Amino acid sequence: MKITRQKHAKKHLGFFRNNFGVREPYQILLDGTFCQAALRGRIQLRDQLPRYLMGETQLCTTRCVLQELESLGKELYGAKLIAQKCQVRNCPHFKSAVSGSECLLSMVDEGNPHHYFVATQDQNLSVKVKKSPGIPLMFIIQNTIVLDKPSPRTVAFVKAVESGQLVSVHEKQSIKQLKEEQGLVRTPAPRKRRKKKVGGPNPLSCLKKKKKTQDTKSPASEKKRKRKRIRNRSTQKVLSEQQGVEG
């Protein structure tokens, strides 16, 4: 029975490896339900998973899963201890945590670029995972670990890629890498930022603004000039009269 399980696992792993670029170490995302099932079945995940998958594995979880187990209290204390021993992967829910199932779905979104396995006993989560192609799904049944066969959506996606209708994420990454190696893709050079010189204030800004000279003459100055002219005229008359009397 064990040999048959490993044959199926090897077949499914070959499918995901060839079509989606899944590779060792296999990163397995655990939720609280899977940890609880492993605890009840007395399954040593760190020992049995590498044997079953015949390769190196990394047990992973997220902060949201840990907080969810923490909030559920003493009943899931053992599952929480198992999850705490896993590597914690960064999820996008820094400000406010979400449910474990919602968090794991976000981790495998957009084509599962990090090639995560999802390990869960949650039926609703399993159904949602199967709707996205290229995500290996694991669960525990009768105290044994099982790698599920590729979902119908995954198989249909691979057939569409083979017929040339679609391009897989793995192929897009390979094409991009080949272009970069051959120099067909020009990576834009980073712009150099000019360093601002640290110094005193701009001397131009320190100059006092020149006051605009008024072309129009004030009426007071005009009156003064008129008075001077009048005075000059009267003095000329007095002088001329004095000269006439002397003559």
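Details
- Some residue of the range 17-28 being within 15 Å of Leu104 (Cβ to Cβ) and touching a residue at least 24 places away in the same chain (Cβ under 8 Å): yes
- Residue within the range 93-105 that is of a type in the set (Asp, Glu) and part of a loop (DSSP other than H, G, I, E, B) present: no
- One residue from Gly111, Gly164 being open to solvent by 20 Å² or more (accessible area, probe 1.4 Å), without any contact (Cβ under 8 Å) to a residue 40 or more places away in the chain and assigned to a loop (DSSP other than H, G, I, E, B): Gly164
- Which listed residue, of Gln27, Gln48, Gln6, is polar (S, T, N, Q) and farther than 18 Å from Lys149 by Cα: Gln48
- Filtered by the rule that a residue be surrounded by fewer than 19 Cβ atoms within 10 Å (Cβ to Cβ) and under 15 Å from Phe34 (Cβ atoms), the range 93-103 gives a lone residue, Ser99.
- Looking across the range 150-178, the residues that are modelled with pLDDT of 80 or more and closer than 22 Å to Met138 by Cα come down to Pro150, Ser151, Pro152, Arg153, Thr154, Val155, Ala156, Phe157, Val158.
- Selection count where residues are within 23 Å of Val155 (Cβ to Cβ), open to solvent by 20 Å² or more (accessible area, probe 1.4 Å) and part of a loop (DSSP other than H, G, I, E, B), scope the range 1-37: 1
- When the range 123-141 is filtered for residues that are in contact with a strand residue (DSSP E or B) (Cβ under 9 Å, 6 or more places away or on another chain), open to solvent by less than 50 Å² (accessible area, probe 1.4 Å) and not in a helix (DSSP H, G or I), the ones remaining, listed by number, are Ile135, Pro136, Leu137, Met138, Ile140.
- Considering residues of the range 50-92 that are basic (Lys, Arg), under 31 Å from the mean Cα position of the chain (by Cα) and part of a helix (DSSP H, G or I) only, the residue surrounded by the most Cβ atoms within 10 Å (Cβ to Cβ): Lys80
The values are calculated or read from the model by the stated rules, or taken from the named source; none is laboratory data. Source: prediction; values computed, not measured. Virtual Cβ from ideal backbone geometry, glycine too; neighbours counted across all protein chains shown. For accessibility, only protein heavy atoms count, side chains too; no ligands or nucleic acids. Shrake-Rupley method; radii C 1.70, N 1.55, O 1.52, S 1.80 Å.
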